[in-house]
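One structure is given here, and the rest of the page talks about it.
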Amino acid sequence: MIIHRGSQILTCPFCLAPQPLFTMSVQQQSIQPFTEENYTRLTEKFSREPVAMQFITLYNYEDIVKANIEGSSGSVWRISPPSRQELIKELLSSLVDMTLRFTWNFQRDLGKGGTVEHTSDKHSIYLKPNDPVRAGLASLLQGNSTKPVRVQHMFPKYIRAPNGAEAKPVSQLYPDDESSYLDVNLTLNGSTVLEWWDIHIADCNPSEENCGVLPMIIFNDKVSPPSLGFLAGYGIMGLYVSVVLVIGKFVRGFFSEISHSIMFEELPSVDRILKLCTDIFLVRETGELELEEELYSKLIFLYRSPETMIKWTREKD
């Protein structure tokens, strides 16, 4: 899937347990194709990691895009006061792990290739009791603090968008697995009437990059054109079987009748047979019908007797 050709929308919900905190949709204008300079910078970053370089070299710079996800939620956070108090209570006193989940979803334009319209995946972390993140989120909800809450290893920057239904992080680019994911800062803005969440990359340097967005680098697998979608849908085995059947039918059709024609078309020397045919023509012209019948019978005998035909058509010594 090539996102700048076959996909139009990237949606990123961010949830705490069942409560959605942050939702943002990235339209086509916020999805920037990679340039050769970006590609060179990426390869230089992972130049000392052979596994990462092996993966990156599978893609050209045209196959990679950068999605700039706006750091402010695209929708107001709506929660009733009872639900808010219940959430604060769970954060502070619940002995059960709470889940903080980040989900991403790609929507493709099937008219430009591909077989699956939506592809998605998620990353979850579990907040144990007495986790400082839980206490920080509770302080934001209570209005006791406006200090951003840092969540470690939350944002996967490198995503592979295949033709299937799962768009997983590129494990080859994370030497420490999920521990290599980026840390983010969560902030609750607004008043008690209108509130929304902000998410920003922790320790972002404003002089080097735009700290107001979440940058996601997406490696897009190529897809077949719609005209071949029926074939690509069966995968490599379907393609293999189709090619074998087509070539097999062609070869079988080419050789199926050769056994019947080989004795007429692959004779080593036809001089004697040609002379016999010439004699038949001459005696017919002179009116020697009995002699013509005798010669013609001899010709028919030759074609009915492969053994005699082989002797007649041998190369002259």
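The values are calculated or read from the model by the stated rules, or taken from the named source; none is laboratory data. Predicted model, so just to flag it, every value in this text is computed and none were measured. Cβ: placed from backbone, ideal geometry, glycine included. Neighbour counts: every protein chain shown. Protein only, heavy atoms only, side chains kept; ligands, DNA and RNA dropped before computing areas. Shrake-Rupley method; radii C 1.70, N 1.55, O 1.52, S 1.80 Å.
Just so you know, in the range 57-103 the residues that are touching a Ser or Thr at 6+ places or on another chain (Cβ under 9 Å) and without any contact (Cβ under 8 Å) to a residue 40 or more places away in the chain include one that is farthest from D221 (Cα to Cα), and it is P81.
Yes or no, residue by residue, for (1) open to solvent by 40 Å² or more (accessible area, probe 1.4 Å); (2) more than 30 Å from the chain's Cα centre (by Cα):
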| site | (1), (2) |
| --- | --- |
| K66 | yes, no |
| E70 | yes, no |
| S73 | no, no |
| R78 | yes, yes |
| L87 | no, yes |
| S94 | no, yes |
| D97 | yes, yes |
| R101 | yes, no |
| H123 | no, no |
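Yes/no matrix, rows are residues, columns are (1) open to solvent by 50 Å² or more (accessible area, probe 1.4 Å); (2) out of contact with any strand residue (DSSP E or B) (no Cβ under 8 Å at 6 or more places or on another chain); (3) at pLDDT below 80:
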residue: I217; (1), (2), (3): no, no, no
residue: F230; (1), (2), (3): yes, yes, yes
residue: G235; (1), (2), (3): no, yes, yes
residue: L245; (1), (2), (3): yes, yes, no
residue: T278; (1), (2), (3): yes, yes, no
residue: E288; (1), (2), (3): yes, yes, no
residue: E294; (1), (2), (3): yes, yes, no
residue: K311; (1), (2), (3): yes, yes, no
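The residues on offer are D131, D177, and the sole one that is of a type in the set (D, E) and farther than 23 Å from I69 by Cβ is D131.
Selection within the range 110-128: residues that are charged (D, E, K, R) and in a loop (DSSP other than H, G, I, E, B). The member of this set that is nearest to D198 (Cα to Cα) is K128. Among residues of the range 247-272 being surrounded by 10 or more Cβ atoms within 10 Å (Cβ to Cβ) and of a type in the set (K, R), the one that is modelled with the highest pLDDT is R272.
Every residue in the range 35-52 that is open to solvent by less than 70 Å² (accessible area, probe 1.4 Å) and touching a Phe, Trp or Tyr at 6+ places or on another chain (Cβ under 6 Å), please. Walk me through it before giving the result.
Filtering the range 35-52 down to residues open to solvent by less than 70 Å² (accessible area, probe 1.4 Å) leaves 35, 38-40, 42-43, 46, 49, 52.
Within the range 35-52, Y39, A52 qualify.
For the range 4-46, the strands (runs of 3 or more DSSP E) that sit wholly inside it and include 1 or more residues that are modelled with pLDDT under 80 are 7-16, 19-26.
On the given criteria, is S30 open to solvent by less than 70 Å² (accessible area, probe 1.4 Å), over 25 Å from the mean Cα position of the chain (by Cα) and touching a residue at least 24 places away in the same chain (Cβ under 8 Å)? Here the answer is no, as S30 does not meet what is asked.
Would you mind stating whether R108 is within 37 Å of the chain's Cα centre (by Cα), of a type in the set (K, R) and surrounded by 15 or more Cβ atoms within 10 Å (Cβ to Cβ)? Walk me through it before giving the result.
Details: within 37 Å of the chain's Cα centre (by Cα): yes; of a type in the set (K, R): yes; surrounded by 15 or more Cβ atoms within 10 Å (Cβ to Cβ): yes.
It is true that R108 is within 37 Å of the chain's Cα centre (by Cα), of a type in the set (K, R) and surrounded by 15 or more Cβ atoms within 10 Å (Cβ to Cβ).
Scanning the range 129-184 for residues that are open to solvent by less than 30 Å² (accessible area, probe 1.4 Å), part of a helix (DSSP H, G or I) and without any contact (Cβ under 8 Å) to a residue 60 or more places away in the chain yields a count of 6.
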